[in-house]
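Working notes, beginning with the structure itself.
Throughout, read-outs are computed from the coordinates displayed, never taken from laboratory work. All figures in this text were calculated on a predicted structure; none of them were measured in a lab. All Cβ positions, glycine included, derive from the backbone under ideal geometry; neighbour counts span all protein chains shown.
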Amino acid sequence: MKALTYRGPSTVKVAEKPDPRIEHPNDVVLRVTRTAICGSDLHLYHGLVPDTRVGATFGHEFAGVVEEVGPGVQSLAKGDRIIVPFNISCGTCFFCARGLTSCCDNSNPSNDLVGGAFGYSHTTGGYDGGQAELVRVPYADVGPMKIPADMHEEDVLFLTDILPTGYQAAEMGDIAEGETVVVFGAGPVGLMAAKSAWLQGAGRVIVVDELEYRLELARTWAKVETINFTEHGKAGVVQYLKDITEGRRGPDVAIDAVGCEASGSFLQRALGMSMLQAGAATALMWAIQSVRRGGNVVAIGVYGPPWNLVPIGEAMNKGLTIRAAQCNVKRYLPHLLEHIRAGRVDPKGIISHRFALEDAPEAYRIFASKRDNCTKCVLIPQAA
């Protein structure tokens, strides 16, 4: 089969790899019809996540048609169209039983920090991802969801990651009716978090970024206020957010939807911290500094390095609640499917580019460099 393969920092190519096979009775093999490039894939692409190995196939947002079924699988049959959550979960361990499918004990037993995930570094189990013609899906009775017959793959593709991730971020923010929410990052996850904040009762939603084309999409697609942080000089965006929030000295909830590739912190650049950390915690730092006293901070941006320059003392003194997690995708699928059906959110509306799988290296270059107003890339391995 053809599959994207990692060759080293900022280098990927499409190559022939052996077809995946059934390795356990509860596996299926999926013929991929749609897969996407996620911002988290860029962390791998740039070499920021430990133990990302040459030859690995990325991709944790994918949909397709079941090609082969293990003898233990009961809920799926050959020919079923499905989407697959990015986290791999057994459904029966201590964590899965509590709905914490991102923390599964059995899908990644060699690492006690995180459960298994498709197409990421070997810290998440070493599973090949879906930026390929075929992919093996373990625990196939647990994670996948059948695509409704009247819906296209692209209608529900982002239920695999970015929509549930944004929704869980808003949920972790514990937004009270009418509260003000700021989202740092107008990438795909930030857009989903902003839209989800409205769904959960926010009275005001503000998105912060530096790229005008992404801020324009935030205004038109998510219907939010926007701030370009490059326009706020020495006082910075933190002070501006405090100034515009009804005298409460900051938003009620702040969401970091950026992670370790953030830009914008003069302090971290001056100290050389962004290089030492293989990334910068700028967005998380701004979230802590800008949110009001007693407010809530949510971190859903990916942080691969072992430590970061984060003002934890300020968080303690302000009495902040800080929550962070990989998304427990499975628990949100029925609810978010209904939001899509009702027209309250149209995830495919953020797709800016579609490429054939063979053109994945160019897609990565465009997405990574934010060329051509690129917001979200979808790869098409073969016709549905």
Seminar exercise, completed: The helix 360-369 Cα axis meets the longest alpha-carbon principal axis of the chain at an angle in degrees, between 0 and 90 and rounded to 10, of 0 degrees
Problem set entry | Phi to ³J(HN,Hα) by Karplus 6.51 cos²θ - 1.76 cosθ + 1.60 over segment 12-26, Hz, x for Gly, Pro | 9, 8, 8, 9, 7, 10, x, 4, x, 9, 5, 10, 9, x, 9
Exercise. Rounded, prolate or oblate: which one fits segment 186-260, using the alpha carbon gyration tensor with axes a ≥ b ≥ c (rounded when a/c is under 1.5, else prolate when a/b beats b/c, else oblate)?
Worked result: oblate
Exercise. How far is the Cα center of segment 154-197 from the Cα center of segment 37-68, in Å?
Worked result: 22 Å
For this session: Give the residues of segment 178-206 whose amide nitrogen is closer than 20 Å to a point set 7 Å from the Cα of R248 in the direction of its Cβ.
Result: 178-185, 193-206
Problem set entry | Global form of segment 23-67, assessed from the alpha-carbon gyration tensor, a/c cut-off 1.5 | oblate
Problem set entry | Cα-Cα P(r), segment 143-238, percent of pairs per 5 Å interval | 3, 14, 21, 19, 18, 12, 8, 3, 1, 1, 0
Exercise. What is the Rg over Rh value, at two decimals, for the chain, using alpha-carbon atoms and the Kirkwood definition of Rh?
Worked result: 0.96
Problem set entry | Over 29 Å (Cα to Cα) - which of K78/K370; K330/K376; K78/K195 fall in this group | K78/K370; K78/K195
For this session: Out of all DSSP beta bridges with both ends in the chain, state the antiparallel percent to the nearest 5.
Result: 50 percent
Exercise. What residues qualify as long-range amide H neighbours of R354, i.e. H under 5 Å apart, gap of 5 or more or another chain, H built at 1.01 Å from N?
Worked result: V378
Exercise. To one decimal place, what Kirkwood hydrodynamic radius in Å is obtained for segment 1-132 from all pairs of distinct Cα atoms?
Worked result: 15.3 Å
Problem set entry | Interchain or long-range residues, amide H under 5 Å from G116's placed H | I88, C104, S107, N108
